[in-house]
Structure formats: C-alpha cells, structure tokens
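Worksheet: the structure to be examined is printed underneath.
The values are calculated or read from the model by the stated rules, or taken from the named source; none is laboratory data. Because the structure is a prediction, the values reported are computed rather than measured. Glycine gets a Cβ as well: all are built from the backbone with ideal geometry, and neighbour counts include every protein chain shown.
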Amino acid sequence: MIELPDTPLTPFVLRHVERLGRKAALVDAGSGRAITYGDLPAEIAAAAGGLARAGHAPGEVVGVVLPNLPEFAVVFHAVLERGGVVTPVNPALTPAEMARQLEDARARYVITSADRAATVSEAAGDAPVLLLGSPDLRGAELAPEPSGPDDLAALPYSSGTTGFPKGVMLTHRNLAANIVQVEGVFRCDEDDVLLAVLPYFHIYGLTVNMNFALARGATVVTMARFELQAFLEAIEAHRVTRAFLVPPILLALAKHPLVDRHDLSSLDVIVSGAAPLDPGIAAVVAERLGCRVVQGYGLTETSPVTHLPPEGPVMVAKAGSVGPPIPGTECRAVDIESGGRLAAGEDGEIVIRGPQVMRGYLRDEAATAAAIDADGWFHTGDIGHVDADGWLFIVDRLKELIKVRGLQVAPAELEAVLQSHPAVADAAVVPSPDRHGGEVPKAFVVLRGEADLDDLRAYVADRVARHKRVRRIETVESIPRSASGKILRRVLVQQEREAAASGSGR
C-alpha cells in the first residue's frame, strides 16, 4: 500500500526547494541557462502574478505552446498556482490543428515563445497570447488560489493514433499519486541528472521528466528538440545518469556510429516507454552503453505510468515485459468479446485500475463510459497478457491488429523482426487490402544501406509463422511518428486505402 498525498500538485513537487537552495533544478542543454530550486517559487509566483494581471481567473484553461525549456516548469506551475488548468500543446502543430485543441479545451489564454507568436496568434482566436520572457508574464507575487486535490490540473490530448484526439482530464490527485507510485519502485534522488528530451507537452515527459524529477530533487537537463549529436553531447557534458526515452531513440543508440564517439559512461538506467521496445534492441543498447535498459508502460489517461520493473539493489527485468503494476495499481487481461478475466498467459485487452486513472474525457460522456467501466477499470485498447508473476507483456493495439484469413497478426512483432535486420533503420507494418479479400501485412522500411526487398521478406519469413509473413514491402524516407515516438499507422493505412481505391496498390 502507498500513502497518497492529499494536496495540490505544486506544493508537493516543490517540497524540497528550501533545503536544496542553490542546486540547479532545470538546465537548458543548449545555452546552459539554469533555474535553481531556490529560485523556482519566486519565478512561479511572478508568472502567476502576470496571469492574474492579464485577467486569468481560477478554473480557466491556459494553453501552453512551448518546447522543453526550464521555463516550461515555471509556466505550468504558475497556472496551477492560479487555480487554473494547463492544456499543453505541441508547438509543431499547424495553426488549424492547434486551434482545434485550444478551441476544444476552451483555453482562455495561451502562453508561448516569441519565435512561435505568429503561428500561435493565428490559432488562438480571441484568446490573449502571453509571451515567455516579456512583461506579460511578470507581475506582483500573489497568494496562490487554492486548488483542491480533485480539481483539474492538466488537460493533455490523447495522441490520436487510432482516432481524433480527446482532452484527457487529469486532476492534482492523479498527477501527485503517479509521482508517489513511481517513487515506490524507481530510484531517483538529488545526485541524479535526468535528460528531458521527451516533450513536456506529452504526459510521459511532463510527469517523469519534469514533475517526478523535481519532486525527487534531481537536476533536469532540458532539450528543445531531439537531434542525436546534441543528445549524445548533453549526456556527456552533464553526466546524465537516468534517461526516459522512446524506442526510436533506442534504435539509434543501438545502431548509429556516432554513439561510439561519446563518453556515455555516466548513464545508469534507460527506461523506454510510449511504444513497444524489441528486447533485442534493448539488449544491444545495454551492452553497447554498459547500462540497464528496461521498459515501462502507461497511457495519457493514466497520468501516465502503470507498470515499471522494480528497482532494488539490482533492477531485474523480464525480456519483452514492461514490468508488474506499480504500487496502488491493479491490472488484468480480459476477453475482448465477453470482458471476462483471462488466465495467466492468455492474450486479451489490458485493463487498469488505480488512483492515476483520469477523471474522464472532456465533455465526452460516451467516450468516458466506453473507456472506464462501472467497476472503475480503464480499458486501454492494448492487447497483451499478464504472466503468473503479475508481469505485463504488451502485444499491440487492439484496433491495429491485422486480420489474415481470420488470424490476428500484431504489427509490432513484425516491426521488431524487421528492425533487427542490419540494413533496416526503421520500420512500420500496416494492413494492406488483399485482392482475394481481407488483409495482408505490408511493411514500410527506412534503409540505412543497400538491401534487396525480396531478401527482407525472406528474413521475416524465416522468423515468423506463415500467416504472419510480410507480403509487401515499400521503402520510404521516414516513418511517421507522434511526438512520443508512436508509429502513426493510421497515416500509412490511409495511404494504402487511397492507393487501393485508385488501383495503384503496390
């Protein structure tokens, strides 16, 4: 059992600031600009004062359109200290996409940087745009507007890999609970340095690389965007000890020659999340870097962490597993049709119950009811199984399984096989219409050198059952991915449908 904090998020995250004083809390990897723990409360209070002067009222939503910068934490907690709600927005969205989220969230104000002001102003409509670093966000320090633990704190939008993005309502209690839950199994303390390359507008980066790290008194090195060279230089220069990453970055760490030119010996643990990680890639990275590599699991709707291999004197992980449930979390696999609980080792839909599960989807009672059942179980839409020890193994997304002559094929399994080939830099597998009816697996591959596509098909065929064989392969320049690293298979599926409709299917 764990004791959950009955407090708003910000005072819980800032619980060590007085003691840590001049210790760097957040450091910008590019410029070296830093904010100390001792300075954080005053910076947050000043930004909250600026919001109040602009007319922000408690309960109102504020859109935050920023890359990973030390000031992101200041702005986020300033909104919360005003009793407001943050909807974090991907700065790379088009004005139309940005406008859709801001409109749906009913954002009354938007905070961004000067270099993004034109795009954000176009998207913001009538909402005032406040610029980072300007007098807009500097005001007289005000007493915080008290928020209750069950008040909304964050309104991230689900990635939309299988549908239109929805606002996910996360409370102060959800987010604080998830910090305590992760603390129960994962070591992070004041001697640690974490690299925040995962975007803060995504819940994975927001929780583990910002709020969890600050609540533990670690130093966080922020990166505005991922570039492999700069990423490796940041690890080396700042002696990063722990990194929360996504599979595409692990793939680069496994295969790219640049890795051997940098001293990455400070790295102790890498946690991969947001998408399935091939155990073979994990093993290669662990051997190459001399560090531990484990997988965790979570979703935007669960704040996000639900599973993580526990860290004791040693961190033991089962290959291919994302670990057991973190403290205070229940997990089971259920039959896709009946909803009945399945035995250990049987594949079904994974359902989760715990204090980190969202309140629901914003103004969407039907979607909320479909996701959270009457007993409080959140239906993840992921297929997998739980072994006899309670460890979870994810197979793929329920809606992305390929049906080949009535048999289910998981794209992630085939992607892992393709990515293990030395000539393949990245891969995605989607269903492609079969001229005989039904579907067949088609692969899109990014090559790092010359490769015969028939040889690649044979490589996969040697390693999987007959019905799982890749029937078609197409080379592409890049695989479309979300900011968190998930393959946007819907983009490729749409291309396949359009090609089939035009008669140009490959």
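Data overview
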read-out	value
Residue match in region 440-460 (condition: farther than 21 Å from Lys255 by Cα, assigned by TED's automatic domain parsing to the domain that holds Glu415 and in a loop (DSSP other than H, G, I, E, B))	no
Meets criteria (basic (Lys, Arg), more than 31 Å from the chain's Cα centre (by Cα), over 30 Å from Pro199 (Cα atoms) and at pLDDT 90 or above) for Arg471	yes
Any hit, region 162-178, residues being under 23 Å from Arg116 (Cβ atoms), within 20 Å of the chain's Cα centre (by Cα) and among the polar types (S, T, N, Q)	no
Residue that is farthest from Ala369 (Cα to Cα) [pool: residues in region 289-313 that are assigned to a strand (DSSP E or B) and either touching a Pro at 6+ places or on another chain (Cβ under 9 Å) or basic (Lys, Arg) (or both)]	Arg292
Residue satisfying condition, being among the small types (Gly, Ala, Ser), out of contact with any His (no Cβ under 9 Å at 6 or more places or on another chain) and in contact (Cβ under 8 Å) with a residue 24 or more places away in the chain, within set Ala451, Ala461, Ala428	Ala428
Flag if Val168 is aliphatic (A, V, I, L, M) and part of a loop (DSSP other than H, G, I, E, B)	no
Tally of residues being under 18 Å from Val193 (Cβ atoms), assigned to a loop (DSSP other than H, G, I, E, B) and of a type in the set (S, T, N, Q) across region 1-58	1
Residue ID - nearest to Val351 (Cα to Cα), chosen from residues in region 361-389 that are among the aliphatic types (A, V, I, L, M) and either part of a helix (DSSP H, G or I) or in contact (Cβ under 8 Å) with a residue 60 or more places away in the chain (or both)	Ala371
Per-region count, region 314-334, residues at pLDDT 95 or above, in a loop (DSSP other than H, G, I, E, B) and in contact with a Lys or Arg (Cβ under 9 Å, 6 or more places away or on another chain)	1
Those residues of region 293-329 which are outside the structural domain of Asp268 (by TED's automatic domain parsing), free of Cβ contacts under 8 Å to residues at least 40 places away in the same chain and in contact with a strand residue (DSSP E or B) (Cβ under 6 Å, 6 or more places away or on another chain), in sequence order	Ala317
Meets criteria (in a loop (DSSP other than H, G, I, E, B), of a type outside the set (Lys, Arg) and closer than 19 Å to Ser482 by Cβ) for Pro276	yes
Those helices (runs of 4 or more DSSP H) lying entirely in region 61-141 with at least 2 residues among the aromatic types (Phe, Trp, Tyr) and touching a residue at least 40 places away in the same chain (Cβ under 8 Å)	70-81
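Conditions (1) buried (at least 22 other Cβ atoms within 10 Å of the Cβ); (2) touching a Gly at 6+ places or on another chain (Cβ under 6 Å), marked per residue:
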| residue | (1), (2) |
| --- | --- |
| Thr87 | yes, yes |
| Leu93 | no, no |
| Glu97 | no, no |
| Arg106 | no, no |
| Ser113 | no, no |
| Ala117 | no, no |
| Val120 | yes, no |
| Gly125 | no, no |
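Table: residues versus (1) touching an Asp or Glu at 6+ places or on another chain (Cβ under 9 Å); (2) farther than 18 Å from Phe201 by Cβ.
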site	(1), (2)
Thr219	yes, yes
Ala224	yes, no
Ala230	no, yes
Glu236	yes, yes
Phe244	no, no
Pro247	yes, yes
Leu250	yes, yes
Lys255	no, yes
Asp260	no, yes
